[in-house]
Amino acid sequence: MTETGMTAQHYLVEGMTCNHCVASVTEEISEVAGVESVSVDLKVGGASDVTVLTSSPVPLEDIRAAVTEAGYVLVTA
């Protein structure tokens, strides 16, 4: 949990290759209830790190649905 009471959740997303991809994923995840901000560390040719700050717990399936809607794949262990 951060100083502001936010929780940072980290995800890996495959298939992003450019800033347009980053914008699409950011837009879709930002629309999920409880999400305050999204940042993406783009890794072309690999899984990009997506950090999501939330004000309340967000189910993994909500994040997965948003990533899928954007056209990408959420990597799970």
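Every number in this text was worked out from the coordinates using simple rules, so none of it is lab data. These numbers come from a predicted model, not from an experiment. Positions of Cβ are backbone-derived with ideal geometry, glycine not excepted, and every protein chain shown enters the neighbour counts.
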- Name all residues of region 19-45 having a backbone nitrogen under 12 Å from the label point set 7 Å from the Cα of Ser56 along its Cα→Cβ direction, giving them as ranges. 33-35
- Which listed residue (Leu60, Val50, Ala23) has the Cα farthest towards the positive end of the charge dipole for region 7-75, taking +1 on Lys and Arg C-beta and -1 on Asp and Glu C-beta about the Cα centre? Val50
- Task: Please list, in chain and number order, the residues 5+ apart from Glu36 or on another chain whose amide H is under 5 Å from its amide H, with Hs placed from the backbone.
- Result: Leu53, Thr54, Ser55
- Query: What residues qualify as long-range amide H neighbours of Lys43, i.e. H under 5 Å apart, gap of 5 or more or another chain, H built at 1.01 Å from N?
  - Reply: Ser48, Asp49
- Query: Which ³J(HN,Hα) values, rounded to whole Hz and listed in residue order, are derived for region 25-41 from phi using the Karplus coefficients 6.51, -1.76 and 1.60 in 6.51 cos²θ - 1.76 cosθ + 1.60 with θ = phi - 60°, glycine and proline given as x?
  - Reply: 5, 4, 4, 5, 5, 4, 7, 6, 4, x, 7, 9, 7, 9, 10, 10, 9
- Note on the structure: Going residue by residue through region 7-18, the Karplus relation 6.51 cos²θ - 1.76 cosθ + 1.60 with θ = phi - 60° gives ³J(HN,Hα) values, rounded to whole Hz and with x marking Gly or Pro, of 10, 9, 10, 10, 9, 10, 10, 9, x, 7, 10, 7
- Task: Please work out how much length the chain gains when fully extended from Cys18 to Met6, using 0.36 nm per residue of separation minus the C-alpha to C-alpha distance, in nm with one decimal.
- Result: 1.5 nm
- Query: Among Ser56, Ser37, Ser48, which one moves the most in a GNM of the chain with springs linking Cα atoms closer than 10 Å?
  - Reply: Ser56
- Message: In 10 Å bins starting at zero, report the fraction of Cα pairs in region 17-77 per bin as a rounded %.
- Response: 23, 60, 16, 0
